[in-house]
1. Answer yes or no as to whether VAL71 is surrounded by 12 or more Cβ atoms within 10 Å (Cβ to Cβ), outside any strand (DSSP E or B) and on the phi < 0 side of the Ramachandran plot.
2. Would you confirm whether or not the stretch 108-131 contains a residue that is part of a loop (DSSP other than H, G, I, E, B), open to solvent by 60 Å² or more (accessible area, probe 1.4 Å) and touching a residue at least 60 places away in the same chain (Cβ under 8 Å)?
3. Identify the residue in the stretch 28-39 that is under 11 Å from PHE116 (Cβ atoms) and not small (Gly, Ala, Ser) and, among all such residues, is surrounded by the most Cβ atoms within 10 Å (Cβ to Cβ).
4. Determine whether GLY145 is within 24 Å of GLY22 (Cα to Cα), out of contact with any strand residue (DSSP E or B) (no Cβ under 6 Å at 6 or more places or on another chain) and surrounded by 12 or more Cβ atoms within 10 Å (Cβ to Cβ).
5. Under 6 Å between Cβ atoms, which residue pairs at least 6 apart in sequence (or on different chains) link something in the stretch 42-63 that is closer than 23 Å to GLU106 by Cβ and touching a residue at least 24 places away in the same chain (Cβ under 8 Å) with a partner that is among the acidic types (Asp, Glu) and in a helix (DSSP H, G or I)?
6. I'd like to check something: does the stretch 18-26 contain any residue that is on the phi > 0 side of the Ramachandran plot, in a strand (DSSP E or B) and touching a residue at least 60 places away in the same chain (Cβ under 8 Å)?
Amino acid sequence: MNPPLPPRVRVAAYVVRYGARGPELLVFDHVGVPEAGTRVPAGGVEQGEELSAAVLREVREETGVEGARVVRALAVDHRPHPETGAPRRTTYFLLHAPRGGPDQWEHHAPAENLRFRCHWQPLPLTDPLADHQDAWLAAAEPTWGARVGAGRG
């Protein structure tokens, strides 16, 4: 019998900015892949990389946002990959973004040759994120998770 595979170590970012509309979460959709759903920046940690450095790198790579700062780690999620069932361990972080900048933009992630439609979503969310990425929002601020999935049957 083969030993179990070690989990893939990942990070995910709740990047929040505070503006005239109140707190907003940085999210994106894959251009041309609507079935992927709305997501927050997330991805794998490179060998020897600190988790806080990895989450900042993922934010830059997937959205182009610069200047975000890590506030704190919120939770560790041990759910396996939703399609493959492969083990993974994702640490969710709260980050604060500088004020200003566009409300929406398109970003090309050259390493993955993907295009993302990025935007700021008011908090609390009214619709759930893909892959249950909204599961830990209330750990950042209890009211931010209050309306996620409202109206679902």
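1. Details: surrounded by 12 or more Cβ atoms within 10 Å (Cβ to Cβ): yes; outside any strand (DSSP E or B): no; on the phi < 0 side of the Ramachandran plot: yes.
Criteria not met by VAL71.
2. Within the stretch 108-131 (the criterion being part of a loop (DSSP other than H, G, I, E, B), open to solvent by 60 Å² or more (accessible area, probe 1.4 Å) and touching a residue at least 60 places away in the same chain (Cβ under 8 Å)), the answer is yes, since at least one residue qualifies.
3. Across the stretch 28-39, the extreme among qualifying residues is PHE28.
4. yes
5. So the pair list comes out as GLY43/GLU58.
6. Narrowing the stretch 18-26 to residues on the phi > 0 side of the Ramachandran plot: 22.
Of the ones still in play, those that are also in a strand (DSSP E or B) are 22.
Next cut, touching a residue at least 60 places away in the same chain (Cβ under 8 Å) only: 22.
For the stretch 18-26, residues on the phi > 0 side of the Ramachandran plot, in a strand (DSSP E or B) and touching a residue at least 60 places away in the same chain (Cβ under 8 Å): present.
The values are calculated or read from the model by the stated rules, or taken from the named source; none is laboratory data. It should be emphasised that the depicted structure is a prediction, and the values quoted were computed from it without experimental measurement. Glycine also receives a Cβ, built like all others from the backbone with ideal geometry; neighbour counts cover every protein chain displayed. For the accessible areas, the whole protein counts, side chains as well, though only heavy atoms, and no ligand, DNA or RNA atoms are used. Shrake-Rupley method; radii C 1.70, N 1.55, O 1.52, S 1.80 Å.
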